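The block underneath contains the structure these notes are about, expressed in structure tokens.
The values are calculated or read from the model by the stated rules, or taken from the named source; none is laboratory data. On a predicted model such as this, the values are computed, not experimentally measured, just so you know. Note: ideal-geometry Cβ built from the backbone for every residue, glycine included; neighbour counts use all protein chains shown.
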């Protein structure tokens, strides 16, 4: 009956039981939820899935938490954890923790929510071959028309990012060992975008450590000790040298690294 998992229940609880205790929906064992999971999510609700989800996860979310983690397959390996198109479309609040990759337009019109996109680079980036979206962790047009919120990307954000971005911040992990450096980031920013790449400020480091801490706890609780250890090592590292941020030109105070 609940075609968009969590949506109907969240609405009923908000209307009929305001101030209800926290509610968690857990969908396990490699399940792949259908379109619109967690759309318009409200307070005091968590949706946690081990497997994956299709398009429109968390569309228009007001609050709550949506967590999509990898699931253990028949060979004992953790796989998937990915979501479809338009993750968190227009989400005004809440926290999204996505371990795998995301299809196109992740974070489109993001309007105040926060997200960690944990899909990781696993082989050297070679932009000379073209078709950046095929090989990237986010498949194109991420953070299009973003107006507020924060997005933390641990892999390759893909091509045409930040088109029409007017607010918020995107944090990207520099990985020169995989050829993912400032030059690669500049090649991924959509032409005509009025954004800049800058170094972090102290408040950015605080936000990144908090988001990574939320992500690490979920990974550890799911039994992925090796991945959790990698995230912890990142938390404990010099984040000023590991990350850069993308913000709109209109929010820039002082420019350290510029892009057109």
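See the values below:
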| read-out | value |
| --- | --- |
| Some residue of the stretch 9-17 being farther than 21 Å from residue 160 by Cβ, modelled with pLDDT of 90 or more, touching a strand residue (DSSP E or B) at 6+ places or on another chain (Cβ under 7 Å) and assigned to a loop (DSSP other than H, G, I, E, B) | no |
| Boolean, residue 208 is assigned to a helix (DSSP H, G or I), without any contact (Cβ under 8 Å) to a residue 60 or more places away in the chain and either more than 30 Å from residue 28 (Cβ to Cβ) or in contact with a helix residue (DSSP H, G or I) (Cβ under 6 Å, 6 or more places away or on another chain) (or both) | yes |
| Only one of 249, 236 that is free of Cβ contacts under 8 Å to residues at least 12 places away in the same chain and farther than 23 Å from residue 70 by Cα | 236 |
| Residue 36 vs. criteria free of Cβ contacts under 8 Å to residues at least 40 places away in the same chain, on the phi > 0 side of the Ramachandran plot and in contact with a strand residue (DSSP E or B) (Cβ under 6 Å, 6 or more places away or on another chain) | no |
| Residue count, the stretch 215-230 (criterion: surrounded by 15 or more Cβ atoms within 10 Å (Cβ to Cβ) and in contact (Cβ under 8 Å) with a residue 24 or more places away in the chain) | 6 |
| Options 176, 202, 157: the member that is free of Cβ contacts under 8 Å to residues at least 24 places away in the same chain and under 14 Å from residue 245 (Cβ atoms) | 202 |
| Breaking point among (1) on the phi < 0 side of the Ramachandran plot; (2) in contact with a strand residue (DSSP E or B) (Cβ under 8 Å, 6 or more places away or on another chain), for residue 108 | (2) |
| Filtered residue count, the stretch 83-113, keeping only those that are touching a residue at least 60 places away in the same chain (Cβ under 8 Å) and not in a loop (DSSP other than H, G, I, E, B) | 2 |
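Yes/no matrix, rows are residues, columns are (1) surrounded by fewer than 21 Cβ atoms within 10 Å (Cβ to Cβ); (2) closer than 20 Å to residue 215 by Cα:
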residue: 6; (1), (2): no, no
residue: 10; (1), (2): no, no
residue: 13; (1), (2): yes, no
residue: 23; (1), (2): yes, yes
residue: 53; (1), (2): no, yes
